[in-house]
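Asks: This is the structure I have questions about; it appears just below.
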Amino acid sequence: MIHAMSTARPRVLVTAALPYANGPIHFGHIAGNNLPADVFTRFQRLKGADVLSICGTDEHGVAITIAAKREGTTPQAIVDRYHGVIARILERMDIRYDNFSRTSRPINHEMAQRFFTDLLDGGFIEEKVEKQLYSVADGMFLADRYVLGTCPKCGHENARGDECPKCGAWLDPLTLIEPRSALSGDRPEVRETKNWYLRLQDFQPKLEAWIGAKTGWKENVLRFVQAMFKEGLRERAITRDLEWGVQVPVDGGDGKVLYVWFDAPIGYISASIEWAEAQGAPERWRDYWQSDDTRLVHFLGKDNIPFHCIVFPAMLMGQKEHYVLPDNVPANEFYNLEGRKLNTSAGWYIDVEGFLDKYPVDTLRYTLVATLPELRDTEFSWRDYQMRVNAELADTFGNLVTRVLKFAVSYFDGKVPEPGAFDASDEALLADVRACADEVAACYDGYTFRAGLERAMALAHTTNRYFNEKAPWKSRKTDLVQCATTIHVCIQAIRQLALLFHPIMPQTTERLVGMLGIDSPLGDVGWDAWAEASLPAGHVLGEPAGLFTKIDDDVIAAEIAALEAQAAAKTKGATMDAEKNVTANETTTDTTYEAPAIRETVSFDDFMKLDLRVGRVLAAEELKKSKKLLKLEIDLGVEKRQILAGMKGHYTPEQLVGTNVVVLANLAPRKMVGEESQGMVLAADAIDGAPLILRIDGEPPTGTTVH
Ligand SMILES: [Zn+2]
């Protein structure tokens with residue numbers, strides 16, 4: 001075994017949860033684990049730590065095979081495509097790993113089988129013939145995500161066979177209430193099959209002792225784990241009756257693979273081995289994984305807590321070789337979008353690459369860090385994004401930089417001016433500049449990235465206030481020394497801001513370093529050296545330029561409208577999918593829709609009695625007296641009608657005025673909340689009871705009949 005020469009550099013091993021290679025990653029993945037992992041890694045590197053950062057795609061399991069079935073292709077084709085897609089998104093987000101690997105690679109199959117064999121040899125794995133859910137319609141055992149049902153812990157109706165997306169509970173498919181096949185909707189029956197079980201109970205005392213000694217772990221993580229201990233760990237199946245995955249390396253293992261959650265975390269180790277081989281030092285991964293002075297940190301969302309705090313540590317404890325256990329697992333809560341859960345199959349997501357085509361990556365990194373779900377569920381909203389870009393980045397940080405540097409160019413020959421004696425307010429700001437480097441460092445090191453960002457932004461605010469109070473544009477005419485002192489002090493604050501924001505906004509801060517006329521990139525200088533130094537009088541500054549561009553209201557309004565349109569279009573598509581019996585993938589669980597039975601047949605003549613026609617919405621207003629109703633004025637070509645529609649809160653009047661809708665024109669009028677409704681606007685009864693208006697393809701004349 002080759003060990004690196006012992007140095008004083010702390011060794012840090014960072015992992016971010018492996019995304020399933022069955023679709024692009026979205027803001028939830030990025031805010032949930034990739035971005036905090038990246039900020040942490042960049043910070044630790046600045047602090048001089050020896051960091052190895054690892055991620056990759058999770059390419060096994062039912063999430064992949066369902067995606068393949070849905071698209072009529074092979075699992076291999078799915079993972080090949082989405083590994084590339086996800087790697088590109090991370091690249092464009094400036095999220096860098098030392099190795100972004102794949103769990104389907106031979107090294108991971110080999111390592112996962114070795115882990116299994118070690119556990120088997122140690123007596124930690126037992127073989128059991130047990131009852132499993134079997135679907136006659138699908139002709140297969142329904143492992144994991146192939147089965148949906150009601151969560152026995154929280155009552156969520158679309159829990160998956162292996163875990164509940166709502167409460168994060170780790171489930172057994174047999175415990176699901178009212179189970180159904182995710183493929184056919186078929187109600188499965190219970191049949192016997194042989195599988196291998198990991199005896200987690202054998203590790204409980206060691207796990208409890210290990211976690212019990214931890215300090216600085218997040219409350220949400222500890223609560224979750226303690227509840228599992230209290231319930232008592234028991235054996236869990238770690239094999240599945242599937243074809244796609246890592247073969248079970250024992251006799252009788254044919255047609256069975258390791259559970260995806262068994263081989264996925266081993267992917268961190270395999271990726272490290274791959275990295276070491278690429279470095280030409282094939283044993284170097286052991287420095288990180290097998291030395292107790294390594295600080296191993298797993299970044300992940302709360303749904304991954306049981307696997308990273310219980311199962312994977314138990315697997316590591318059961319190996320013949322020694323492995324380090326995680327130092328911390330700073331799990332995040334969930335990240336939502338505009339008040340709703342992110343859901344790609346329902347169209348409720350923002351395409352990351354599309355976003356980055358229009359807006360600078362650092363503004364997104366900043367906004368996501370500012371809203372990280374560190375303590376509770378949080379969300380991205382377009383208006384919040386606009387506020388952060390315009391008020392915080394452009395007006396506070398960017399404007400400070402521009403004002404000060406342009407002042408130096410105009411009146412001090414583009415140099416850092418020679419200061420006079422510092423007065424109390426100069427000293428106060430300089431003290432703040434020095435203090436905040438340590439304070440922000442403590443936040444980044446302690447996984448409270450939002451607090452670090454807020455502390456840095458507080459320095460920008462303080463500096464702006466100082467600049468305004470000192471009014472150098474006045475002192476320039478009355479007291480040139482004081483003016484020079486003010487600009488000198490402001491430049492030191494700006495220089496420090498570049499450091500504080502660097503892990504969050506690497507590109508912007510390196511640009512700022514250039515504007516300050518500093519040749520070496522900040523990343524090469526290091527946190528402590530930068531924090532302690534300052535820019536001397538006479539230093540020649542670079543060319544000032546704007547750091548951020550503000551975003552107009554109408555741009556944001558258009559983005560919100562586009563998101564809603566995307567969701568409406570997808571929901572329409574999902575209904576069509578439902579007809580083809582393809583209702584499930586990992587994110588459709590919330591939209592899995594049980595279509596009601598077809599109603600009694602009506603005659604053609606009965607249908608022709610309905611007068612359906614194209615109407616144009618002339619006016620719309622929300623009825624104050626009603627929680628649900630919008631009052632619409634609709635032109636039917638032959639006459640105008642007042643129609644009340646239960647769409648308040650789902651459509652705004654502005655979204656409807658000027659659009660074409662389909663109206664049932666000969667419905668008997670009726671009164672609601674004192675107003676008459678003269679017809680009905682047709683809409684699909686969608687998920688959440690949100691109506692989705694029927695739209696017309698093209699622009700037929702108002703009053704055109706519809707059959
Ligand atoms: Zn639940």
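None of the figures in this text is laboratory data; all of them are computed from the coordinates on show. Computed from a predicted model, the values in this text were never measured in an experiment. For neighbour counting, all protein chains shown are included, and Cβ atoms are generated from backbone atoms with ideal geometry for every residue, glycine included.
Asks: Could you work out the local net charge near Glu532, counting Lys and Arg as +1, Asp and Glu as -1, over the other residues with Cβ closer than 14 Å to its Cβ?
Replies: Result for the neighbourhood of Glu532: +1.
Asks: For Leu342, list long-range residues whose amide hydrogen, built 1.01 Å from N in the peptide plane, is under 5 Å from its own amide hydrogen.
Replies: So Leu342 has HN proximity to Leu337.
Asks: Can you give the FRET efficiency for Asp327 and Leu618, using 1/(1 + (r/R0)^6), R0 = 60 Å, r = Cβ-Cβ distance, to the nearest 0.05?
Replies: The value I calculate is 0.40.
Asks: Express in whole angstrom the spacing between the alpha-carbon centres of the stretch 464-517 and the stretch 408-426.
Replies: Value for the Cα centre distance between the two parts: 10 Å.
Asks: Of the options Pro10, Phe43, Thr65, report the single residue whose Cα projects farthest towards the positive end of the charge dipole of the stretch 1-124 (beta-carbon charges: Lys, Arg +1; Asp, Glu -1).
Replies: The one lying farthest along the dipole's positive direction is Phe43.
Asks: Divide by every residue of the chain the summed helix terms, -39500 (n - 2.57) for each DSSP H run of at least 4, and state the resulting mean residue ellipticity at 222 nm, rounded to the nearest 500 deg cm²/dmol.
Replies: -12000 deg cm²/dmol
Asks: Would you mind working out the magnitude of the charge dipole of the chain relative to its Cα centre, with +1 at each Lys and Arg C-beta and -1 at each Asp and Glu C-beta, to the nearest 20 Debye?
Replies: Numbers: 78 positive and 100 negative charges, 233 e Å.
The dipole of the chain has a size of about 1120 debye.
Asks: With only Lys, Arg, Asp and Glu charged, each at its Cβ (+1 for the first two, -1 for the last two), find how big the charge dipole of the stretch 599-706 is about the Cα centre; round to the nearest 20 debye.
Replies: 420 debye
Asks: With a sphere of radius 11 Å drawn around the Cβ of Glu676, what net charge do the other residues whose Cβ falls strictly inside it have (Lys, Arg +1; Asp, Glu -1)?
Replies: Net charge around Glu676: +3.
Asks: Expressed as cubic angstrom per residue, what is the convex hull volume of the alpha carbon set of the stretch 113-257?
Replies: Cα convex hull per residue, to the nearest whole number: 125 Å³.
Asks: Treating cross-link reach as a plain straight distance, find the lysines whose alpha-carbon is under 20 Å from the alpha-carbon of Lys358, omitting any fewer than eight places away in the same chain.
Replies: Cross-link targets: Lys550.
Asks: So, one more: Hey, got the Cα dimensions of the stretch 599-706 along the principal axes, in Å, largest first?
Replies: Projected onto its principal axes, the Cα set of the stretch 599-706 covers 40, 32, 28 Å.
Asks: Now for a separate question. On full extension of the chain, what length is gained from Asp445 through Arg187, given 0.36 nm per residue of separation minus the C-alpha to C-alpha distance?
Replies: 87.9 nm
Asks: Taking 0.36 nm per residue of separation and subtracting the Cα-Cα distance, what length does fully extending Glu130 through Leu682 add?
Replies: 193.7 nm
Asks: Another question about this same structure. Counting other Cβ atoms within 10 Å, which GluC sites (Glu not before Pro) in the stretch 265-301 have at most 16 and lie in a DSSP loop? Spell out each step's value before the answer.
Replies: Values: sites: Glu274, Glu277, Glu283; in loops: Glu283.
Listed in order of number, the matching sites are Glu283.
Asks: Moving on. Among residues other than Glu274 whose Cβ falls under 11 Å from its Cβ, what is the net charge (Lys/Arg +1, Asp/Glu -1)?
Replies: Net of charged neighbours comes to 0.
Asks: Using the C-alpha atoms of the stretch 411-473, what convex hull volume per residue, in cubic angstrom, is computed?
Replies: So the per-residue Cα hull volume is 103 Å³.
Asks: OK, next. Using only alpha carbons, build the gyration tensor for the chain and give me the equivalent ellipsoid semi-axes, biggest first, whole Å.
Replies: Taking √(5λ) for each eigenvalue gives 48, 43, 19 Å, largest first.
Asks: Among the trypsin sites (Lys or Arg not before Pro) in the stretch 129-198, which ones are in a DSSP loop with at most 12 other Cβ atoms within 10 Å of the Cβ? Mind listing them? Numbers along the way, then the final one.
Replies: Details: sites: Lys131, Arg145, Lys153, Arg160, Lys166, Arg180, Arg191, Lys194; in loops: Lys153, Lys166.
Here no loop site has a sparse enough neighbourhood.
Asks: Which residue, Gly354, Val440, Val663, has the largest displacement toward the positive end of the dipole of the chain when charges sit on each Cβ (Lys, Arg +1; Asp, Glu -1)?
Replies: Ranked along the dipole, the leading option is Val663.
Asks: Treat the count of other C-beta atoms within 10 Å as a stand-in for reagent exposure and order Met505, Met111 from fewest to most.
Replies: The order, fewest Cβ neighbours first, is Met111, Met505.
Asks: Please compute the modelled spin-label separation between Arg92 and Thr702, points set 7 Å along Cα→Cβ, answer in nm with one decimal.
Replies: With each label placed 7 Å out from Cα toward Cβ, I get 4.2 nm.
Asks: Restricting to lysines 8 or more places apart or on different chains, can you count the pairs in the stretch 113-257 with Cα atoms under 18 Å from each other?
Replies: 10
Asks: OK, next. Tell me the trypsin sites (Lys or Arg not before Pro) within the stretch 292-371 that lie in a loop according to DSSP and have at most 15 other beta-carbon atoms within 10 Å.
Replies: Lys320
Asks: Let me ask something else about it. Name the shape class, rounded, prolate or oblate, that the alpha-carbon gyration tensor gives for the stretch 144-188, where a ≥ b ≥ c are the square roots of its eigenvalues, rounded holds for a/c under 1.5, and otherwise prolate holds if a/b is larger than b/c and oblate otherwise.
Replies: prolate
Asks: Quick check on the stretch 227-315: take the gyration tensor over C-alpha atoms, sort the square-rooted eigenvalues as a ≥ b ≥ c, and tell me if it's rounded (a/c under 1.5), prolate or oblate.
Replies: Oblate is the answer for the stretch 227-315, as a/c is 1.5 or above yet b/c matches or exceeds a/b.
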